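To start, the structure itself, in structure tokens.
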Amino acid sequence: MRRSRLNQVLNSVADAGRELLRRGPPAGRLRERSPGALCEALLSTRGEASGTALARDVADAYRAMSAAEKHAFFATLAADYGPDPAAIHAAGDRYKEAPGCDTLTALSAAVEPPRQELFRRINMAPNGTATIVAMREDLLTLLPDDPSLKAVDVDLVHLLTSWFNRGFLHLEQIDWESPAALLQKIMAYEAVHPMAGWADLRRRLADDRRCFAFFHPALPDEPLIFVEVALVRGMARAVQPLISDPGEMLDPAKADTAIFYAINNCRVGLVGISFGNFLIKQVVVELAQELPGLKTFATLSPVPGFRAWLASRAEESEGALSDQEETAVDRLSESDWPTSEDAEADVREPLTRLCAHYLLEAKSRGRPLDPVARFHLRNGARLERLNWLGDVSEKGLSDSAGLLVNYVYDPKTIERNHESYVREGKIAASPEIKRLAQ
């Protein structure tokens with residue numbers, strides 16, 4: 001509803017601009033022109049109404065493009081809408097000769113690619129922000145095969161990082177009384193532990209559960225990221241009991257622990273625009289105020305890179321794994337290993353030890369290889385405990401060998417842990433994890 005009212009205003013302005021363009025000279029009648037001509041006109045126009053009309057035409061033209069046409073559109077932006085090297089050199093020379101506000105401003109203007117201003121103007125169209133986010137989503141699918149488009153992605157990330165700054169986001173709790181359209185989106189976007197239908201969703205929004213999401217004013221009906229929380233007694237070790245129907249529900253006032261068991265980014269076009277760290281920290285504050293009896297705030301997180309790392313270790317060289325560890329890794333190829341009576345004897349101890357080593361010692365550029373570990377540790381969480389067969393779903397077994405991790409968010413140490421991690425790469429971990437890793 002909120003976005004529809006804004007779009008009504010923007011469409012009204014665009015309609016007025018369309019009428020102005022229609023009355024103008026033939027060169028100004030751009031309805032049938034190519035997307036490239038529309039972009040050129042959009043960059044050159046100065047009127048608000050005509051600019052909004054042209055922005056809408058560009059957005060409409062983009063949405064109508066085929067995949068091949070979108071690729072050509074981005075290639076044009078990369079080749080023809082970058083900064084002018086000669087202008088940069090000239091502005092740089094002027095700044096070196098006379099450093100000051102004016103020459104620095106001129107240098108900044110020379111360095112900025114024209115496509116950034118183009119994106120800003122497209123953003124003025126009705127649903128313009130959604131169009132820009134969709135553009136980046138399409139662009140990300142093209143980058144692996146066409147790295148020449150990287151500069152366009154850099155510009156989009158620069159703009160989206162500013163537009164989706166934490167200061168613009170607002171937190172909302174989602175419950176069973178939320179609009180049905182929003183609830184359907186939550187089910188569709190849930191990728192960590194997919195829902196089978198409305199019954200699953202209702203369980204996850206029950207009295208002893210919480211769901212919070214970040215929204216942006218330009219996309220008020222679209223969750224950007226959401227986290228699901230279970231209110232329990234004691235730190236949970238497995239996820240299936242949290243997402244299945246457990247029968248009697250816990251009185252939230254009797255819970256002493258909040259378990260963050262799923263966090264989902266909803267828009268692929270916003271990958272790399274980080275706001276998940278703020279989400280968890282703000283939810284901790286919200287829950288602590290609502291339920292003073294909560295003493296522990298912890299995640300139940302997967303280890304998505306663990307199985308791949310195990311495979312690479314096994315292939316590295318002879319002696320990379322002990323005989324016991326090799327046996328454990330070999331057992332993972334057997335489909336019935338999670339239910340086998342002797343699996344715990346053969347697999348549990350070596351796999352748990354290897355996973356602790358992976359989380360603490362396997363690094364790239366001084367940071368953990370595992371993406372989930374990087375996320376929570378950078379946020380200031382403590383690596384607390386490994387849970388054997390914490391997730392026995394097909395994905396949990398194939399990615400994490402069934403292991404789940406409790407990362408603890410202790411309000412008293414979050415900021416200290418965060419500073420130690422970002423400055424020194426130091427990982428906050430419990431004595432149990434450190435002992436296992438040795």
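Worth pointing out:
- In loop segments of the stretch 248-326 as defined by DSSP, the trypsin sites (Lys or Arg not before Pro) with at most 13 further C-beta atoms inside 10 Å of their C-beta are 295.
- Across 327, 103, 129, mean-square fluctuation computed from a Gaussian network of the chain (C-alpha pairs under 10 Å connected) peaks at 103.
- Seen from residue 343, the other residues with C-beta closer than 9 Å to its C-beta sum to a net charge of -4, counting Lys and Arg as +1 and Asp and Glu as -1.
- Candidates per GluC sites (Glu not before Pro) in the stretch 141-232, loop by DSSP, up to 10 other Cβ within 10 Å: 177
- Spin-label model, residue 341 to residue 170: label points 7 Å out along the Cα-to-beta-carbon direction sit 6.1 nm apart.
- Calculated translational diffusion coefficient of the stretch 173-314 (4 °C, 1.567 mPa s; Stokes-Einstein with Kirkwood radius over alpha-carbon pairs) equals 80 µm²/s.
- Counted over the stretch 178-217 with a bin width of 5 Å, the fraction of Cα pairs per bin, in whole percents, is 5, 19, 35, 28, 9, 3, 0.
- Calculated SAXS-style log₁₀ I(q)/I(0) at q = 0.12, 0.13 Å⁻¹ - the stretch 306-437, Debye, Cα scatterers: -0.48, -0.56
- When you filter the GluC sites (Glu not before Pro) in the stretch 298-365 for DSSP loop state and at most 14 other Cβ atoms inside 10 Å of their Cβ, you are left with 318, 334, 341.
- Dimensions of the chain from C-alpha coordinates, computed as largest minus smallest value along each principal axis and given longest first, are 82, 53, 44 Å.
- Partner lysines whose Cα lies under 27 Å from the Cα of residue 254, excluding those fewer than 8 positions away in the same chain, are identified as 281, 295, 412.
- Long pairs among 96/150; 96/363; 70/363, criterion Cα-Cα beyond 32 Å: 96/363; 70/363
- Mean residue ellipticity, 222 nm, helices only, the chain: the sum of -39500 (n - 2.57) across DSSP H runs of n ≥ 4, divided by residue count and rounded to 500, is -16000 deg cm²/dmol.
No value in this document is a laboratory result; all are computed from the given coordinates. As the structure is a computational prediction, the values presented were derived from the model and not from experiment. Don't worry about glycine lacking a Cβ; one is built from the backbone with ideal geometry, like all the others, and counts go over all protein chains shown.
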